[in-house]
Each structure stands twice: as C-alpha cells, then as structure tokens.
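Before any comments, here is the structure.
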Amino acid sequence: MEPSHVLIVDDDLDTRELYRLVFEVSGYRVSEAHSVAGAADAALLVRPDVIVSDWMLGDGDGLTLCKTLRRHGRTRLIPVIAATGMSLSSETRGRARLLGCETFLTKPIDIDTLVRAATATLQVTQARLLRAAAVRVRRYAAGVRSTASQVSAARNLTAAEVLSASRQRVDASVALIIADDTGRYVAANERAAELTGYAPNVLTTMSVADLTPEVEQPAAVDLWNSFIDSGMQEGVYVVKRRDGRAIPLRYVAVANIAPGLHLSALSPAAISLSDSAAQ
C-alpha cells in the first residue's frame, strides 16, 4: 500500500523544497507545481490525496485553483489546504470552502502544524468518503428489499448481490466487507482483498477475529457487540494482514443493511506523527 500523496503548489522554489522535505520525512509521497495551471495538470496526472497551496500564485489565487479542480471529475473532490500570508475575508473563506478548500493556514507555518493539518484534512475526507459509501450501499439494500416485498414475497438479499451492485455506487478506493451477526465475513470486494492480502473468497472463510491482532482480540469482541447494539460505528481499527503486518484502517460500519448483514467500509488511515510514534 502506498503512502498518502500530497501536491505542493507554490511559486517560491525554496518553500516547495522545504515543504517537500517535511512531508517526505513524515512518510508522504510528494509532487510539486508552481502555478494554478501546473497544479491542475499535476492533479489530473497523479491524483494526490491532498493539495497544499499558496493562496497567491502567478496565474491566479486559491479560489482560481479550487474552481479549476472542480471542473474535472478526477480532481473535484481533492481537498485543498490554503497557506496564506494575507488576511482573507470571511466571505472569501466561505466561497473557498464551498469549492473544496478544507483548511486555511497563516504564514509563517510551523512544520509540525503543516503536517498535522494535512493529516487532519485527510482524516476528514476519508471519513466523508466512507460514510457516503456506507449510506449508498445501505440505501441500495433497503431499496431492493422494498421492491421485492411489493412485487412478491420478500426474498433474502445476499451479501454478494449487495457488493456486486455497489461497484457502480461506491468509489473504487473503498474496501467493503459484509459480516453476519457472529462477525464472520460473508462477502468482500477486491479493494478489501488488496488491503488485507486475502482474496475475497478466502475472506469469506474468515471472521473479524482472524483479522484482529492477538493483543487486540479481547477488546474487539466488546467493540463488535457495541457496534451491533448501536447500529453504527466509525474510527480507526488495526487489521492484521496476511503477511503479518498490522495496519490501521479508517472505517465506517453500519449494522443491519439487510437482516443479519453488517457492512464495514474501510480505507487506509491517515496517521499523524504522534500516532505513528505511539504505534
């Protein structure tokens, strides 16, 4: 799995080099651009997870950049962090937020603050993506059950049907796993296979406990039970891959998308420097 990718946009070479060093040391992949046009081209090419951009550039400002990104399906959802040495009105900030600018930082920027802002922005956008995926899958399952009950006797909706239909409704970067009441997996998509290292047909012979590091298993039982009771849960869960590595995944879980079927939507978690040290 590749680390998160940040695109740095600034017309000052020294600033770009400093930011590159900071992010590379923090484990990010880094690309650079020096203008709005260059940033738009780079974003289309590499599809970064987050963009850190100076507000004033030679061919436009932060609003110009955000508007340009929104014109393309491949870049419209990339979050932007604006770094500025000038005072921006509340109206300008509001317009920028509507166009995808998630965070504003005031120069000079402490390097730890810069990395924390990128990590926090990724966490927010990841959670938003996962919630949308979970809602769409749940909505589809509910719609199928409703139609079946109106046309004829309601039939059981299989987990495989849910995931098959979800391909057209959910971003391909989202891993989807469906489990039964006991926590045994009954369906998984290809992205789930990539993240765990197990093929989908192998995952359906496993359970939540099988992907949980041994030290975490007692807490995992309580977490699963509280999830079923509450109906929804989200956070970061450490998963044990097939190769033995333990990796943190951000998840949004929805119980009973169909009777006895419970959905988890997952993606690699953006971890801050302090989080990484703690692990």
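Tabulated results
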| read-out | value |
| --- | --- |
| Filter pass, GLU2 being part of a loop (DSSP other than H, G, I, E, B) and within 30 Å of ALA192 (Cβ to Cβ) | yes |
| Residue satisfying all of: in segment 47-106; of a type in the set (S, T, N, Q) and in a loop (DSSP other than H, G, I, E, B); surrounded by the most Cβ atoms within 10 Å (Cβ to Cβ) among these | THR75 |
| Residue match in segment 139-149 (condition: out of contact with any Cys (no Cβ under 8 Å at 6 or more places or on another chain), at pLDDT 80 or above, in a helix (DSSP H, G or I) and not hydrophobic (A, V, I, L, M, F, W, C)) | yes |
| Output for segment 5-25, where each listed residue is more than 19 Å from the chain's Cα centre (by Cα) and either part of a loop (DSSP other than H, G, I, E, B) or not β-branched (Val, Ile, Thr) (or both) | ASP10, ASP11, ASP12, LEU13, ASP14, ARG16, GLU17, LEU18, TYR19, ARG20, LEU21, GLU24 |
| Lone qualifier among GLY38, GLY27 - being assigned by TED's automatic domain parsing to the domain that holds ALA82, surrounded by fewer than 20 Cβ atoms within 10 Å (Cβ to Cβ) and at pLDDT below 95 | GLY27 |
| Those residues of segment 219-274 which are closer than 27 Å to PRO3 by Cβ and β-branched (Val, Ile, Thr), in sequence order | VAL236, VAL238, VAL239, ILE247, VAL252, ILE271 |
| Selection count where residues are touching a helix residue (DSSP H, G or I) at 6+ places or on another chain (Cβ under 7 Å) and of a type in the set (Asp, Glu), scope segment 55-79 | 1 |
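The values are calculated or read from the model by the stated rules, or taken from the named source; none is laboratory data. This one's a predicted model, so the numbers in the text were calculated from it and none came from an experiment. Virtual Cβ from ideal backbone geometry, glycine too; neighbours counted across all protein chains shown.
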